[in-house]
Amino acid sequence: MSESVLAQELALVTGASRGIGRAIAEQLARNGATVIGTATTEAGAQGITEWLAAGNFKGRGVVLNVADAASTEAALKDIEANEGALTILVNNAGITRDNLLLRMKQEEWDDIMNTNLASVFRLSKAVLRGMMKARRGRIINIASVVGVMGNAGQTNYAAAKAGIIGFSKSLAREVGSRGITVNVVAPGFIATDMTAKLPAEQQQALSAHVALGRLGSVEDIAHAVAFLASPQAGYITGETLHVNGGMYM
Ligand code: NAD
């Protein structure tokens, strides 16, 4: 993809301090977008500003806790005042709070619903206003293979990720006539801090269910997101792109 294909775009990537979010932010920046990457701490946001500058990329880091409506609103106001209207939104930030259902506490359920799903509602709604006015925009939501196939110990996470897919399909129908696309990337098992928490045997067992025989890389996901953000993907909406190396159980 050409380095300037996203030159006119202003992108927000949540959870860009590390892992998949950072790789997405880097890829969009490499393709010419101005990128606002979010982190939960000042130090995290500063780190994003620094690596963007080091790569000669346009953009900066901001503090935004996606679980908190007031923090979301404050960050969006700041971006609008300084950079203007967002044209790309990547809802990437996400957490796990794994437990078997019989042991799952209400707060483990609520935390996941709020951080992984309600955040997508809040951010999409807020950012859509500007996109509707401009009659263009891209919303790309990061779900998970777990939202499609399920996983023991992750009823909360699977429900939130499946929710993202239904949300995106519905929103795509609401805003398509305004030239805005809404799509999902559903990663398989990707080597990040999130999967590093799993025991080595479990990581190996997971790879055995992947046609390509390995965990994915953060770049594998970033390339898919950059494609969906590009003009070449202009006729794709309401879709889920499964980037999982060919998973079968
Ligand atoms: P990670 O734990 O390495 O990074 C998560 C990012 O989200 C971090 O930048 C973190 O600061 C941010 N974050 C967490 N809570 C936040 C909050 N309240 N407000 C703002 N930011 C917050 O995880 P990752 O593996 O890079 O995952 C990124 C996304 O990809 C998540 O939505 C995750 O569910 C999804 N995913 C990951 C995998 C995988 O195998 N790693 C597989 C499928 C889906």
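Read-outs throughout are calculated quantities, based only on the coordinates presented, and are distinct from any laboratory measurement. Note that the structure is a prediction, hence the values are computed from the model and not measured. Because the Cβ atoms are built from the backbone with ideal geometry, glycine has one as well, and the counts that use them run over all protein chains shown.
A few notes on this one:
- Note on the chain: with charges restricted to the Cβ of Lys and Arg (+1) and Asp and Glu (-1), its dipole about the Cα centre is near 640 debye.
- Set of lysines with alpha-carbon distance to K161 below 17 Å, sequence-local pairs under 8 removed: K169
- Folded to 0 to 90 degrees: helix 69-82 orientation relative to the chain principal axis, Cα: 30
- Contour excess over end-to-end distance, with Cα ends at A208 and A85 and 0.36 nm allotted per residue: 39.9 nm
- Helix 218-229 and the long axis of the chain differ in direction by around 40°, with both axes built from C-alpha atoms.
- Hydrodynamic radius (Kirkwood) for segment 175-214, which is based on Cα pairs only, to one decimal in Å: 12.6
- Karplus-based coupling profile of segment 161-168, in residue order and whole Hz: 6, 5, x, 4, 5, x, 4, 5, with θ = phi - 60° in 6.51 cos²θ - 1.76 cosθ + 1.60 and x standing for Gly or Pro.
- Using θ = phi - 60° in the Karplus curve 6.51 cos²θ - 1.76 cosθ + 1.60, the 3J(HN,Hα) couplings for segment 241-247 round to 9, 8, 10, 9, x, x, 8 Hz; x is entered for Gly and Pro.
- Backbone amide hydrogens, once placed in the peptide plane, bring N244 within less than 5 Å of G188, excluding anything fewer than 5 places away on its chain.
- Mean residue ellipticity, 222 nm, helices only, the chain: the sum of -39500 (n - 2.57) across DSSP H runs of n ≥ 4, divided by residue count and rounded to 500, is -13500 deg cm²/dmol.
- Computed from the alpha carbon atoms alone, the convex hull of segment 1-44 holds 55 Å³ per residue.
- In a fully extended conformation the segment linking R135 and Y248 would gain 36.7 nm over its present Cα-Cα distance, using 0.36 nm per residue.
- Separation between Cα centres of segment 4-31 and segment 180-249, rounded to whole Å: 16
- Between 0 and 90°, nearest 10: helix 119-134 axis offset from the chain longest Cα axis: 30
- Within-11-Å neighbourhood charge of V127 [Cβ basis; K, R +1; D, E -1]: +3
- Each pair of Cα atoms in segment 8-100 enters the Kirkwood radius, and Stokes-Einstein at 20 °C and 1.002 mPa s then converts it into a translational diffusion coefficient of 164 µm²/s.
- Taking the DSSP bridge list for the chain and keeping only pairs wholly inside it, about 5 percent are antiparallel.
- Leading residue at positive end of dipole, the chain (Cβ point charges), from T72, A158, A126: A126
- Selected from N141, A233, G55, residue furthest toward positive end of dipole (the chain; charges at beta carbon): A233
- For A143, the amide hydrogen comes within under 5 Å of the amide hydrogens of V185, A186, counting only partners 5 or more places away or on other chains and with H modelled in the peptide plane.
- 3J(HN,Hα) from dihedral phi, segment 140-156, Karplus parametrisation 6.51/-1.76/1.60, rounded to Hz, x for glycine, proline: 10, 10, 9, 9, 6, 4, 5, x, 9, 9, x, 7, 4, x, 10, 4, 5
- Cα-based reach from K77 at 22 Å (exclusive), listing lysines while leaving out same-chain residues under 8 positions away: K58, K125, K133
- Pairs of Cα atoms farther than 24 Å apart, the chain, %: 43
- Calculated FRET efficiency for the pair S217/A70, C-beta based, R₀ 51 Å, to 0.05: 0.90
- Approximate spin-label separation A43-R30, in nm, with each point projected 7 Å along Cα-to-Cβ: 2.8
- Relative contact order (%) - the chain, alpha-carbon pairs under 8 angstrom, separation at least six: 18
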